[in-house]
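Report on the following structure.
The values are calculated or read from the model by the stated rules, or taken from the named source; none is laboratory data. Bear in mind that the values here come from a model prediction, so they are computed numbers and not experimental data. Positions of Cβ are backbone-derived with ideal geometry, glycine not excepted, and every protein chain shown enters the neighbour counts.
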Amino acid sequence: MGKKLTILFILYFLTPFVHVAQTSSSVNLEETGIWAGLYLKVRINDKLGYYAEHHYRARNALNNVTSFVGRPRQFYNRAGLNIFFTKNIEAVIGPALIVNYTPEPGNSAYEPYTLEPRIWSQWVFKSPYIGRVKLVNQFRFEHRWKKKNDVGSDYDYTNRYRYKFFAYIPINTRRIEVNTLYFSPSAEIFMHSGKSIVFNPFEDFRTYNGFGYVLNPSVTFFVGHMWTLGQKSTGYEYRTSHVFRFNVYVGLDGRKSENKVPKVNLGY
């Protein structure tokens, strides 16, 4: 009996890989886009703060994958309670609400938009400066209720697990301060799970690299390019995208002036 259970378990575990192996894989460019983002951090006291992200995401026209604009993709809102454990370790937990727009505007087979609520949390671990470079590790966990834009679709619950590694590298100064121009490379991997996730546990890989400029301690601008590689539901098909991103980081400090620590807001 024990051997039979072991064999059944092995067959069940290998099924997705056998499915992928039987079909040759393919990789196709499926989307280009432009994302505009506002990142907000408000320090309430030494231990707590407010964190938010708001994005408007546009994607290419339906008949031109290299156009970058032409259809709305998402209106993305994320907020949370920011908890500061030390100057280099912090966490956030809170809700998110994403508006997912129709892939084909004007097509009555699709709802104009759907709402995607989430509960999310993250942990951020920042290194001290290593020479001129500051390294950051970010772990993010998301619980999502999402449905397709197809009329009559039902909500599907999934979990997403993200790990991001990135760096801040000042170019014209030794440390990041007001008037600093800096380079920030990053790489992030996304995994997900749920009843609907069978052959595609690998959701996405993103490499996002760009340049930032510190206007003052409260405002930083950042522009960059993001390339993504994602696994489709078949398990053997992969999609890629190219996205240009334009971000503004705003940081506010509500503590009394004698308790404020001069700090440039970079998001993290």
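Scanning for something modelled with pLDDT under 95, of a type in the set (S, T, N, Q) and either over 30 Å from residue 67 (Cβ atoms) or within 21 Å of the chain's Cα centre (by Cα) (or both), does segment 246-262 turn up at least one residue? Checked against the condition, which is being modelled with pLDDT under 95, of a type in the set (S, T, N, Q) and either over 30 Å from residue 67 (Cβ atoms) or within 21 Å of the chain's Cα centre (by Cα) (or both), segment 246-262 yields at least one hit.
Filtering segment 116-132 to residues that are surrounded by 13 or more Cβ atoms within 10 Å (Cβ to Cβ) and hydrophobic (A, V, I, L, M, F, W, C) leaves 119, 120, 123, 124, 125.
For beta carbons closer than 6 Å, sequence separation of 6+ or different chains, a first residue in segment 88-110 that is of a type in the set (Phe, Trp, Tyr) and a second that is assigned to a loop (DSSP other than H, G, I, E, B), the qualifying pairs are 110/102; 110/104; 110/149.
Every condition in (1) over 22 Å from residue 147 (Cβ atoms); (2) hydroxyl-bearing (Ser, Thr, Tyr); (3) in contact (Cβ under 8 Å) with a residue 12 or more places away in the chain is met by residue 56 except one, and the failing one is (1).
Regarding segment 88-108, can at least one residue be identified that is crowded, with 18+ Cβ neighbours inside 10 Å, touching a Gly at 6+ places or on another chain (Cβ under 9 Å) and charged (D, E, K, R)? Checked against the condition, which is being crowded, with 18+ Cβ neighbours inside 10 Å, touching a Gly at 6+ places or on another chain (Cβ under 9 Å) and charged (D, E, K, R), segment 88-108 yields at least one hit. Of the strands (runs of 3 or more DSSP E) that lie entirely inside segment 158-268, those containing 2 or more residues that are aromatic (Phe, Trp, Tyr) and surrounded by fewer than 18 Cβ atoms within 10 Å (Cβ to Cβ) span 202-216, 219-231, 237-253. Of all residues in segment 133-157, those satisfying the criterion of being more than 16 Å from the chain's Cα centre (by Cα), surrounded by 14 or more Cβ atoms within 10 Å (Cβ to Cβ) and farther than 30 Å from residue 233 by Cβ are 134, 135. Considering segment 20-76, and only residues there that are polar (S, T, N, Q) and outside any strand (DSSP E or B), the residue that is modelled with the lowest pLDDT turns out to be 22. Residues of segment 138-157 that are charged (D, E, K, R), in contact (Cβ under 8 Å) with a residue 24 or more places away in the chain and not in a strand (DSSP E or B): 147, 148.
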